[in-house]
Structures are given as C-alpha cells and as structure tokens.
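Participant: Encoded as structure tokens, here's the structure I'll be asking about.
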Amino acid sequence: MSNVEKIADVPEVNQLIALGKEKGYLTYEEVNDVLPANLVAPDQIDDLMHLFGENEIDIVDSPTKDEKPNEEVDGKDSSSSGTSPTETKTESVTIDDPVRLYLREMGTISLLTREGEVEIAKRIEAGQNEVISAVANCSVTIREIVTIDGTLKKLEASIFTIINRGEPEEKTEAREKAEVKKFSKNVKNLVGQEKKLNKLHLRALSIKLSEKMRTKLEKETDTHHKKLEKMVRDLDLNNNVMDLIIEKIYEIAGQFREAGKAERLLEKELGRSLADVRKLAKNWKNQKSVKLPSSKVITKKQYDNHTKTVLSCRRKIRKVEKETSTSKDQLLSTVRTIARGRVKDKTAKRELAESVDEIVLPGHDGYLGVRPGHAPLLVRLQVGELSYNMNGKRHAMAISGGVLLPMGNPMGACRLAISAGVRSSAASRSRRLAAVRVEPMAPM
C-alpha cells in the first residue's frame, strides 16, 4: 500500500475530503482542527496535498463569502438560459478560426501575473515563518541547539555543516574557531532568554493578577517570545538541522500519543470520558453499575479497572514531560502549528507550479511533444487528443483546434497557454491547463 493510500484510509482525512468535495475548498483552520497530530511529516503533507489536488479541493485562508452559484442580472437568473456568458462568447467564434478563438479564450483565462507570483511568494514565506516561529518557541528546540553547541565544542562536527554559510574555499582552523565561538555565545544568550520566558510563565501561573497587570504581563511575554524567535533565526541554522529538530519534536509528540493511547481507545469505546461516567454514576455512592447513553452498562469494578488504566497512561505522560522538559499540551500545539504552516507552504507552492513532465498536442503537421525547457514556439493545433503527464499521472482531453503559446515570465519558467474548442467532459480541466507551469530543464 502506497503512502497516499495509507493517508487516504485515515478517517480524519476522509472527513476532510468529504467536506472539501461538498464545498470545493477547505480552510487552513479546518485542516488544522481535524488533522491528526501524527500526520505532519513533510512527505505526509506532500501526500495530503496530492490527495486534495486529485479531488480538486482548494486550500484557502478563509471561507468564501457571499458566494452565489447563480448570479442574477437585471432581475433574471443567468442560469435559466442554460449557457454561461463565457460559453456564449466562445460559441460566437467558429472553431475553424483558432487564432480568434485563442484571443477570445485568453480573455477568459486568468494567468498568473507578476503580482500574482509575488502574492503567492508571500504566502509561501508566511507558511515558512509560521513553522519557524513554532519551532523557535519550543523548549525541545533549545535543548537540541544546546546539544549541537556541545558537539561543536568537542570538535565532533564542523560549524559549516550546521549553519547556512557553508564551508569556505579557504577554510582555516582560526576561522572555524571564530565561528564556533560566535555560535556558542549566541546559544548562551538564547538559553538566558528562555529562562526569562519561563519566569514570566511561572509568574502568570502563581500570582493572582488584576486584568491590567495580566494584560501587561502578556505583552511582556509576547515581546520575549519574539526576541527568542529572532535569536533562533540569527543562529542561521541550515535546513537539514532545522528538519532534524522538527523530527525530534515529532518523535516526542509520538511518545505522548503512545503514552495516552490506552486512554483514547477507552474513551472511544465508552463514547465519553471516565469523568463523565462518574457523573452519571453520581460518584458511585449508591450504585453498583450505570447504563451509558450508548446502552452499554459499566459496573463499579470495571470503572475501577479503567481508572487504573487511565492513571497509568497519565503517569507515562508525566514521565515524558519530565524527560523532555516540555508539557504535552504545548508540544502538541507546536506540532499543529508546524502542520498548519507546512500546509500553507505546500498549498502556495502547488498553486505556483504544478509540475508537468510532458504535453503531447495534435499540431498542424502532426503530433508534437513539449517537455520542460522546450524552445519558445507558436503552434496551430488541429482536431485530436491533447495529453499531458502531471505528477506521474496521464491526463487527456479531446480538442477541436486552437493555439499553443509558451509565455516567458520573470521566474524563468514557461507557462503554457492553451486554448482550444474542447468537446469532452474534461472541459473544466482545459481551463486549468491554461495556467500550468513547466519548470525549465537543468543546464547540461
């Protein structure tokens, strides 16, 4: 079973897909709320986005507002005629004139502009920043960075395998020592900043504060969080190191989930928590058994055995919290934020560049294959089948003519604008294909 098929079998993912198919989109919050805490690794997010793409589900910042399937114009329902304005425009141009058809269709297809690319780039950056912010404010990160500092001091690793600057051509022992010294100083300051934050958190928990004082303390805490985040960024850790830290966070999240697994299974079986069962049994003062709303009967002895199971789970969780110096709730919140940031990042990247391996088109002089890095050309299309390979999957549609025009853009890729008289159920996909991007080939 492939990874995509495994993810597709997850009940929460099926729930998201069903909701997305119904609405045509999902919001980041909807994905974040339903997504399991253990489904956040980079390859899992890739597979999840692939699933959403296959089901034509868009991921958006917020729900579409005032969306009306059938707009009324001058008091009339435009759907009553059975054709949309776009279809009417297209049909007014004969399919024997593909150049005119191309120009008319291009007016209805929204290609990605430079401003659009900038907007998507900002969304990618926002997703990455959300991930970095969550990682920076996690106590596991600080502990891992301190460990890295220790390996550098023992000369067990090179500083240039840790930071983004990379190993210089003229590497000298003095230069490496200077970089290590600078890194160690920054780590020391980072640890000091974390201690300040911990004191603020303890103060908020241990002292009864007025509303004014609590607001002031929250602002102070937020300022220190931002300072901590900046310190982590200033260390300039490379992507490999950041990924290793994130994997460590996932590993601890897995320990928490494993420790609490028995309690979760028990609550699923009972359909409620043991606290709710105790309330139904009125604290077991005069009852030997209680009937749950699901018609299941629980005896006092069974309840006591279940309580032992739950207490054992919670002892294991406290043990993990003590060993990792982080609370379960804080860590799982970090994992969810990382997942949300990665979903935003992957969604924006998918929108920016859908990878097409090859497009085969019925040209005037025969079929033509267009691969990444193809030279610019203008081709008149004739009746036939247009096919393309995207993410290892072949797609095809019947066309009755048109024009192929690769269009250069500032990012060095080639956008294929294809317009044709489509005569198949794949008409909706033809419009999306008009904004497909083909990444250039690497230089030979």
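Participant: Could you please find all residues in region 314-333 being at pLDDT below 90 and among the β-branched types (Val, Ile, Thr)?
Facilitator: Hits for region 314-333 are Thr324, Thr326.
Participant: Would you pick out the residues in region 325-337 that are in contact with an Asp or Glu (Cβ under 8 Å, 6 or more places away or on another chain) and under 29 Å from Lys122 (Cβ atoms)?
Facilitator: Listed by number, the list holds a single entry, Thr337.
Participant: Pairs please, first residue from region 355-372 and small (Gly, Ala, Ser), second anywhere and at pLDDT below 80 and assigned to a strand (DSSP E or B), Cβ atoms under 6 Å, 6+ apart in sequence or on different chains.
Facilitator: Gly363/Val379; Gly369/Glu358
Quick grid of which residues meet (1) touching a residue at least 12 places away in the same chain (Cβ under 8 Å); (2) exposed (fewer than 12 other Cβ atoms within 10 Å of the Cβ); (3) closer than 30 Å to Ile159 by Cα; (4) β-branched (Val, Ile, Thr):
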{"site": "Leu200", "(1), (2), (3), (4)": "yes, no, no, no"}
{"site": "Leu209", "(1), (2), (3), (4)": "no, no, no, no"}
{"site": "Thr215", "(1), (2), (3), (4)": "no, yes, no, yes"}
{"site": "Lys227", "(1), (2), (3), (4)": "yes, no, yes, no"}
{"site": "Met242", "(1), (2), (3), (4)": "yes, no, yes, no"}
{"site": "Ile246", "(1), (2), (3), (4)": "yes, no, yes, yes"}
{"site": "Arg264", "(1), (2), (3), (4)": "no, yes, no, no"}
{"site": "Lys282", "(1), (2), (3), (4)": "no, yes, no, no"}
{"site": "Thr299", "(1), (2), (3), (4)": "no, no, no, yes"}
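Participant: Out of contact with any Gly (no Cβ under 9 Å at 6 or more places or on another chain) and touching a residue at least 12 places away in the same chain (Cβ under 8 Å): is that true of Arg314 in this structure? Working first, answer last.
Facilitator: Working: out of contact with any Gly (no Cβ under 9 Å at 6 or more places or on another chain): no; touching a residue at least 12 places away in the same chain (Cβ under 8 Å): yes.
No.
Participant: A further question follows. Within the bounds of region 185-192, is there any residue that is more than 18 Å from Lys227 (Cβ to Cβ) and surrounded by 12 or more Cβ atoms within 10 Å (Cβ to Cβ)?
Facilitator: There is no residue in region 185-192 that is more than 18 Å from Lys227 (Cβ to Cβ) and surrounded by 12 or more Cβ atoms within 10 Å (Cβ to Cβ).
Participant: Is it the case that some residue within region 135-149 is more than 19 Å from Thr324 (Cβ to Cβ), at pLDDT 85 or above and surrounded by 11 or more Cβ atoms within 10 Å (Cβ to Cβ)?
Facilitator: No: zero hits.
Participant: Taking the stated definitions as given, is Ile124 within 30 Å of Val60 (Cβ to Cβ), of a type in the set (A, V, I, L, M) and under 33 Å from the mean Cα position of the chain (by Cα)? Don't jump to the end; show me each part of the working.
Facilitator: On the way: within 30 Å of Val60 (Cβ to Cβ): yes; of a type in the set (A, V, I, L, M): yes; under 33 Å from the mean Cα position of the chain (by Cα): yes.
Against the criterion (within 30 Å of Val60 (Cβ to Cβ), of a type in the set (A, V, I, L, M) and under 33 Å from the mean Cα position of the chain (by Cα)), Ile124 qualifies.
Participant: Restricting region 208-225 to residues that are more than 16 Å from Asn198 (Cβ to Cβ) and out of contact with any helix residue (DSSP H, G or I) (no Cβ under 8 Å at 6 or more places or on another chain), which is modelled with the lowest pLDDT?
Facilitator: Lys208
Participant: Tell me which helices (runs of 4 or more DSSP H) are completely within region 158-270 and hold 1 or more residues being charged (D, E, K, R) and over 33 Å from the mean Cα position of the chain (by Cα), or say none if there are none.
Facilitator: 173-206, 211-234
Participant: Next question, about the same structure. Can you run down the residue pairs with Cβ atoms below 6 Å, 6 or more apart or on separate chains, where the first is in region 163-180 and under 15 Å from Asn238 (Cβ atoms) and surrounded by 10 or more Cβ atoms within 10 Å (Cβ to Cβ) and the partner is among the β-branched types (Val, Ile, Thr) and modelled with pLDDT of 85 or more?
Facilitator: From region 163-180, the pairs are Glu179/Ile159.
The values are calculated or read from the model by the stated rules, or taken from the named source; none is laboratory data. Please read all numbers here as calculations on a predicted model, not as lab measurements. Using ideal geometry, Cβ is built from the backbone for each residue, glycine included, and neighbour counts are taken over all protein chains shown.
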